[in-house]
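Asker: To start, I am sharing the structure in question, which I have written as structure tokens.
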């Protein structure tokens, strides 16, 4: 099965950009990369997805490398409410890695 | 609110018992996915149904089974429960068949199962 790897934890100052990396070196050419976040034990919440091009929506931006082996989720102005575990996942079955626990500090 | 409804929210039962978890997908979504989240394993994909048919299986034990009914709601049945089955069980739904841009999955709030 496809596998993603992420750093286990990151800190970010409130108001600054949070850049969360993900390696997905086994992704196939037609599979999308998805990003979700989970606050406490709530259900994961969809953030953004992409295939080849960079994407932006009201929540975040997604930068995908040209070889598609890695991506970066950018929260442009992190707030305390963005403290959560962030998961990148690939493919139809959403094979999740262990995620990155992002702590946004005042 | 994701639009995905899971019941019950909490379930406490004993080892050896059988339980059924229920999921109602978002209106119009044909795919339902089940995931298990335990402390030491993270989010694990269990099974995917599309319009009543099983489409993919993940790390689902033989003691577990699922089905999707004609009205598109789904049930996950867990039998011969063991202490290690204690976990959060999430259901998600999507519009598509499991690949491509239409596979954005929307998750329910989960069912917390405690096996004592």
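Asker: Tell me which of these residue B:59 doesn't satisfy, since it passes every other one: (1) surrounded by 14 or more Cβ atoms within 10 Å (Cβ to Cβ); (2) modelled with pLDDT under 90; (3) within 23 Å of residue A:27 (Cβ to Cβ).
Answerer: So residue B:59 meets the others, but not (1).
Asker: Take residues that are more than 11 Å from the chain's Cα centre (by Cα) and tell me which of the strands (runs of 3 or more DSSP E) falling wholly in the range B:1-73 contain 2 or more.
Answerer: B:10-13, B:31-38, B:42-50, B:53-57
Asker: Out of B:65, B:38, B:24, report the one residue that is surrounded by 13 or more Cβ atoms within 10 Å (Cβ to Cβ), modelled with pLDDT under 95 and over 28 Å from residue A:29 (Cα atoms).
Answerer: Checking each option against the conditions leaves just B:38.
Asker: Select from the range B:74-90 the residues that are under 10 Å from the mean Cα position of the chain (by Cα) and within 14 Å of chain A (Cβ to nearest Cβ) and list them in ascending order.
Answerer: Once the filter is applied, which keeps residues that are under 10 Å from the mean Cα position of the chain (by Cα) and within 14 Å of chain A (Cβ to nearest Cβ), the range B:74-90 yields B:88, B:89, B:90.
Asker: Continuing with this model, one more query. Assuming residue B:3 fulfils every condition listed in (1) within 14 Å of chain A (Cβ to nearest Cβ); (2) exposed (fewer than 13 other Cβ atoms within 10 Å of the Cβ); (3) farther than 22 Å from residue A:88 by Cβ apart from one, which condition is it?
Answerer: Here residue B:3 meets the rest and fails (2).
Asker: Criterion first (at positive phi and free of Cβ contacts under 8 Å to residues at least 60 places away in the same chain) does residue A:81 satisfy it?
Answerer: no
Asker: Considering only the range A:56-101, give the strands (runs of 3 or more DSSP E) lying wholly within it that have at least 3 residues that are crowded, with 21+ Cβ neighbours inside 10 Å and modelled with pLDDT of 90 or more.
Answerer: In the range A:56-101, the matching strands (runs of 3 or more DSSP E) lie at A:70-75, A:84-90.
Asker: Continuing with the same structure: Hey, does the range A:43-63 have a residue that's within 11 Å of chain B (Cβ to nearest Cβ) and over 14 Å from the mean Cα position of the chain (by Cα)?
Answerer: The answer is yes; a qualifying residue exists.
The values are calculated or read from the model by the stated rules, or taken from the named source; none is laboratory data. Quick caveat: nothing in here was measured; it's all calculated off a predicted structure. Positions of Cβ are generated from backbone atoms using ideal geometry, with glycine treated the same way; all protein chains shown enter the neighbour counts.
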